[in-house]
Amino acid sequence: MNRLDVTVEDLKEAVLENIKNQFRKTIDQASKEQIFAALAFAVRDIIIDQWIETHKTYDEKDPKTVYYLSMEFLMGRALGNNIINMKVDDVVKKVCDELELDLNVIEDMEPDPGLGNGGLGRLAACFLDSLSTLEYPAYGCGIRYRYGIFEQKIIDGYQVERPDEWLKNGNPFEVRRDEYGVEVKFLGSVRVLKTANGRDKFVQENYQSVKAIPYDIPIVGYDNNTVNTLRLWDAEAIVGFDLESFDRGEYHKAVEQQNLAKSIVEVLYPNDNHYMGKELRLKQQYFFISATVQQVINKFKQKHNDIRELPDKIAFHINDTHPSLTIPELMRVLLDEEELEWEEAWDITTKTCAYTNHTIMSEALEKWPIELLSRLLPRIYMIIEEINRRFCLRLVDEYHLSKERIHNMSIIMDGQIKMAWMCIVGSHSVNGVAMLHTKILKNEELKDFYEIYPDKFNNKTNGITQRRFLLEANPKLADFVTGLIGDKWITNLSHIKNLEKYVDSEQEQKEFMKIKYENKLRLAEYIKEHNNIEIDPRSIFDVQIKRLHEYKRQLMNILHVMHLYNKLLENPDLDMIPRTFIFGAKAAPGYTRAKLIIKLINNVADVINNDINIKNKIKVVFIENYNVSNAEIIIAAADVSEQISTASKEASGTGNMKLMLNGAVTLGTMDGANIEIVEEVGRDNCFIFGLSSEEVIKLQHDDSYNPWDLYNNNADIRKVVTQLINGFYAPDDPDLFREIYDSLLNGDGGRPDPYFILKDFDSYKEAHKKIDIAYANQRQWAKMVMLNTANSGKFSSDRTIEQYAKEIWNLEKTTVVMETN
Ligand SMILES: *Cc1c(COP(=O)(O)O)cnc(C)c1O
C-alpha cells in the first residue's frame with residue numbers, strides 16, 4: 001500500500017491487532033512499551049511496500065550505488081523520524097487522539113539506538129537521511145552491536161557507566177536477512193599453491209570463521225518513495241553444537257568459533273577521537289568489511305559478467321580509517337577469487353574506494369602492530385605489504401623522493417601499519433570535513449601526500465539533517481518558519497535565507513523569542529525531572545553539549561563559571577543577566593582526566609546551585625547521558641552555543657550547526673566549521689575569541705607557551721586555578737582536582753597544556769561579557785538569533801551529500817514511482 005493512502009481507520013486497526021496478536025492484550029491492558037511496539041510495527045508495515053518498491057526499481061534500473069561504510073551510526077530514535085519522513089504524522093496523531101494516547105509519551109518508550117560515540121557516528125546517520133531524501137541509491141553498512149554507547153549515570157558527581165541494552169525488547173524496524181549471510185575468516189596461515197597456468201593461488205588454512213548475518217533497517221526519504229537500507233551485521237558461529245559428529249579437536253574448535261562470534265559484535269568501543277589497539281576491535285573492523293565486500297561482489301556478479309565494471313556501479317566510502325581494510329579485502333577478492341592481475345585489481349580498487357579523514361590529532365590515528373594484523377589476517381597482511389612495496393618503489397622511481405620522506409610516507413614502518421596512509425594510497429578521493437581542516441591536511445599533516453596526489457584531496461564541509469534537527473526537534477520553530485516562507489526549506493535548506501526579510505520585524509522577533517521561551521520551558525521541565533534543579537527560563541541558556549575531550553575545553557568553560565561565581569561573591573549585586581550553564585558530555589570510560597572534569601563540573605554545580613547569596617544569577621546543570629534524544633530537546637532551547645575547541649583541533653563540529661539552525665549564537669574559536677559559520681552569518685552575529693589556528697600551530701612549534709606567566713600576572717586566573725587545589729570545591733579532599741591543576745600549569749611530561757586554556761581565558765571572559773551586553777537588548781538579540789537561523793542553509797547534510805554524489809561518487813538520482821489509489 002502507498003503511504004498516502006493510509007487511513008486513520010487502517011492504522012488504528014493495525015495498532016489494535018498488533019497489541020492483540022503480539023501481547024494477547026487489549027489497549028487498556030497494554031504497557032506503554034507494548035503500545036510503542038504495536039505502533040512501530042504498524043508504521044513499519046507502511047514502510048515495507050515502499051522499501052520493496054525501492055529495491056525493485058534499483059533492480060530494474062541498476063544505478064550506481066554508494067556503500068557508506070562506518071563503524072558507527074548514531075541514529076537516534078526511529079519512530080518519530082519515520083512518521084515525519086513518511087508524512088503520516090497527521091494520520092498517526094488522529095489515531096493517537098482516538099485511542100487517547102500521547103504520541104510523545106509513546107515515542108519516549110523507544111530506546112535510543114546509540115551505535116556511535118559522537119559526531120562521526122551522527123554524521124553517518126545524517127548522511128543516510130539525506131541520501132534517501134535526495135533519492136540516491138545507498139546502503140549504510142556497520143555492526144549490529146549488542147550494546148551501544150554506554151548509558152551514563154552521574155553518582156555523587158562521578159560518571160558511572162551502565163550497559164546500553166537497546167535490543168532488550170527487540171527492534172521493530174529491523175529485518176533479519178539470512179539469505180545474505182557470508183563467512184568471514186580469521187587466523188590460520190596462508191598456503192601458496194601453483195595453478196595449472198602457473199599462477200600463485202593463496203589458500204587460508206586452519207582458520208577460525210564466523211557467519212555474518214545482516215539485519216536491515218529502513219532509511220525513509222522525506223516525502224518520496226525512496227527507502228534505502230542500513231545494513232548491520234550480526235555474527236553467528238558457523239558450527240553448531242552437533243556434539244556426536246565431533247571428535248575432541250573439532251569440539252574445541254566449535255566452542256572457539258562460538259566464542260569468537262559472540263564476542264565480535266558484543267559492544268561498541270566507547271572512545272571518541274582516540275585510538276586503542278585492541279585485537280577485538282580489529283576483528284570487528286575486518287568482520288563487517290569482509291562481510292560487506294563479499295556480499296556486494298556476490299550481488300554485482302548476479303547482474304554483471306565483467307568485474308572491471310565494478311567502479312561504474314559501486315562506490316565504497318570509508319568513514320575515517322576504521323573501515324580501511326576495505327582496500328586490501330577488495331584486493332583479496334579481486335586477486336584470489338576473481339583471479340585478476342595485480343594492476344587491474346588495483347585500478348578497480350582505487351576507483352571504487354574513497355576516504356574521509358576526520359581528525360589530525362596523532363592520538364586518534366590508527367596504527368596496527370604488524371604482529372597483530374599479520375596473525376589475525378594473514379592474507380590481508382600479505383596484500384598490504386605488496387601495496388606498500390609497490391608504493392614505496394614508485395616514490396623512488398617516479399618521484400625520486402629522499403630516504404627520509406619515504407620513511408615518513410611508508411604505510412608500514414617501525415613495526416606498525418599506518419591505516420590513514422593506506423587509505424590515501426588506495427582511494428581516488430581523500431576529503432577533509434571543513435575548509436580549515438582540509439587546508440591543514442594539505443599544508444601540514446598530509447603535505448607529503450598532497451604533493452604527489454594533489455588531485456585526490458578535496459573538502460566536504462559536514463552538515464546535519466534539518467528534518468531531525470528542526471522539523472522533528474523543534475516543531476514550533478518549524479511551523480513558524482513554514483508559516484513565513486513556506487515548506488521548501490525541509491528539502492532545500494538554502495530557502496531558509498528567506499527568513500532574513502523578517503529579522504527587523506518586531507512581531508516576528510517577538511514570535512521567535514516566544515518559541516525559544518517555550519522550548520526553554522520544555523528543557524527546564526526536563527531538568528527539573530532529571531536533575532531536580534529549578535532553572536529560570538528567562539536566564540540565558542548557555543549550552544556546551546558534545547563528547548568530553550580536553551581539546552573541546554569543557555574545562556575552560558567551567559573555570560569561567562568559577563570565575564563568574566568569584567565575581568558574584570565579591571559583589572552579589574553584580575549587574576548581569578542570569579545565566580544557566582548547561583553541560584552534556586560522556587567521557588570515554590578509560591579517560592581519567594575527562595572523568596575528573598565531569599566531577600569538577602558537578603562539584604561546582606553543587607556549590608553554586610545551593611548558594612542563596614548569589615540570587616540565582618548562575619545555575620550549572622550537567623545533563624546525564626547526553627544522546628541524540630535529549631540533544632533534540634536541549635538544542636531547541638539553547639541561546640548560546642559553546643564551540644570553544646583549541647583552534648586547529650576540531651576537524652569540523654556539527655553540534656554547532658544544529659544549534660545555529662535552532663537560533664543559538666555561537667560563542668567560539670576560529671576552528672573547524674565555526675569559520676564557515678562566521679562567514680555565513682557575519683562576525684557581528686557571533687562571539688569569536690581566542691588564538692587562531694596559525695597562532696596555535698606556531699606556539700606549538702616554538703614551544704614558547706608558559707602558563708606560569710599568566711598565573712603570576714593575572715589575579716582572576718590565579719584565583720580560579722588555586723581553587724582547584726585549596727578545597728574550595730572539594731572540602732573533604734583538597735587534592736581531588738590537583739591533577740587538573742597540574743595539567744593547566746605543568747602539562748604532561750614537561751610540555752605545557754597543549755590546549756592553551758589559560759592563554760585563551762581572558763579573551764573568552766571578554767566574549768562572555770559581550771554576550772551579557774548583547775542579550776540585554778532583546779530586539780537586537782532576537783535579530784541576531786534569527787540571522788543565525790536564516791544563514792544556516794549551507795550546513796544541511798543535503799548540501800554535503802550533493803557534493804559527495806557529484807564530486808566523489810558520481811551517483812545519479814533514481815526516483816521510485818508508486819501508484820496511489
Ligand atoms: C551532533 C552530535 C554530536 C557532535 O557534537 P560536536 O559538538 O560536533 O562534537 C555528538 N553527540 C550527539 C548525540 C550529537 O547529536
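At a 10 Å Cβ-Cβ cut-off, how would you order Trp51, Trp421, fewest neighbours first?
Neighbour counts put them in this order, fewest first: Trp51, Trp421.
Quick one: length gained pulling Leu187 to Glu338 fully straight, 0.36 nm per residue minus the C-alpha distance?
Details: separation 151, 0.36 × 151 = 54.36 nm, distance 2.23 nm.
So the chain would gain 52.1 nm between Leu187 and Glu338.
Only bridges whose two residues both fall in the chain count here: according to DSSP, what percent of them are antiparallel, nearest 5?
Bridges in the chain that DSSP calls antiparallel: roughly 45 percent.
To the nearest Å, what is the center-to-center distance of segment 500-561 and segment 658-723, using C-alpha atoms only?
Each part reduced to its Cα centre gives a spacing of 21 Å.
Using the Cα atoms of segment 110-192, I'd like the radius of gyration and the largest Cα-Cα distance, Dmax, both in angstrom.
So, for segment 110-192, Rg and Dmax equal 17.8, 60 Å respectively.
Tell me, how many Å apart are the Cα centres for segment 320-350 and for segment 107-173?
The distance from the Cα centre of segment 320-350 to that of segment 107-173 comes to 30 Å.
Quick one: which residues, 5+ away or cross-chain, put their amide H under 5 Å from the amide H of Ile314? H built at 1.01 Å from N.
It is Thr65, by chain and number.
Quick check: net charge around Ile515, other residues with Cβ under 14 Å of its Cβ, Lys/Arg +1 and Asp/Glu -1?
In short, +1.
Pairs of lysine in segment 1-62 with Cα under 30 Å and at least 8 positions apart or on different chains: total?
Close lysine pairs under the 30 Å cut-off: 5.
Mind ordering 628-639, 519-530, 218-229 by average Cβ neighbours within 10 Å, highest first?
Ranking, from highest mean packing down: 218-229, 628-639, 519-530.
Please report the spacing between the Cα centers of segment 64-100 and segment 367-414 in Å, no decimals.
Value for the Cα centre distance between the two parts: 45 Å.
Given Cα pairs under 8 Å that are at least 6 residues apart, what percent is the relative contact order of segment 691-821?
15 percent
Take the alpha carbon gyration tensor of segment 652-697, find the square roots of its eigenvalues, order them as a ≥ b ≥ c, and report rounded if a/c is under 1.5; if not, report prolate when a/b exceeds b/c, else oblate.
Prolate is the answer for segment 652-697, as a/c is 1.5 or above and a/b outweighs b/c.
Using a basic spin-label model with each label point 7 Å from the Cα along Cα→Cβ, how many nm lie between Lys510 and His252?
8.2 nm
In the calculated pair distance distribution of the chain, what percentage of Cα-Cα distances lie above 46 Å?
Here the long-distance tail beyond 46 Å is 25 percent of all Cα pairs in the chain.
Just want to confirm a number: the relative contact order over the chain, from Cα pairs under 8 angstrom separated by 6+ residues, in percent.
Over the chain, the number comes to 14 percent.
What is the fewest-to-most order of Phe449, Phe202, Phe622, Phe581 by other Cβ atoms lying within 10 Å of their Cβ? Let's see the in-between values first.
Values: Phe449 20, Phe202 15, Phe622 24, Phe581 27.
Ranked by crowding around the Cβ, least crowded first: Phe202, Phe449, Phe622, Phe581.
Bins of 5 Å, beginning at zero and ending with the bin holding the largest distance: percent of Cα pairs per bin for segment 723-818, please.
Reading upward from the zero bin: 2, 10, 8, 9, 10, 9, 9, 11, 13, 8, 5, 3, 2, 1.
Please rank Ser324, Ser31, fewest neighbouring Cβ atoms within 10 Å first, as an exposure proxy.
So the ranking, lowest neighbour count to highest, is Ser31, Ser324.
Summarise the long-distance tail of P(r) for segment 516-627 by giving the % of C-alpha pairs beyond 16 Å.
The share of Cα pairs beyond 16 Å in segment 516-627 comes to 58 percent.
In vacuum, with every alpha carbon of segment 272-318 counted as one equal point scatterer, what does the Debye formula give for log10 I(q)/I(0) at q = 0.17, 0.23 Å⁻¹? Two decimals, please.
-0.63, -0.85
Charges on Cβ only, +1 for Lys and Arg, -1 for Asp and Glu, centred on the Cα centroid of segment 722-765; of Ser743, Pro754, Tyr764, which one is farthest towards the dipole's positive end?
Tyr764
Using a cut-off of 13 Å between beta-carbons, work out the net charge of the residues near Val678 (Lys and Arg +1, Asp and Glu -1, Val678 not included).
-3
Please give me the summed charge of the neighbours of Ala420: other residues whose Cβ is under 11 Å from its Cβ, Lys and Arg +1, Asp and Glu -1.
Net charge in that neighbourhood comes out at -1.
Using only helices, what value at 222 nm comes out for the chain when you add -39,500 (n - 2.57) per DSSP H run of length 4 or more and divide by the total residues, to the nearest 500 deg cm²/dmol?
After summing the helix terms and dividing by residue count, I get -14000 deg cm²/dmol.
Could you grab the relative contact order for segment 7-152? Cα pairs under 8 Å, six or more apart, rounded to a whole percent.
Relative contact order comes out at 31 percent.
Rounded, prolate or oblate, given the Cα gyration tensor of segment 1-117, with a/c below 1.5 counting as rounded?
oblate
No lab work stands behind these numbers, since they all come straight from the coordinates. Not measured: the values here are computed from a predicted model. FYI the Cβ positions are ideal-geometry reconstructions off the backbone, even for glycines, and counts take in every protein chain you see.
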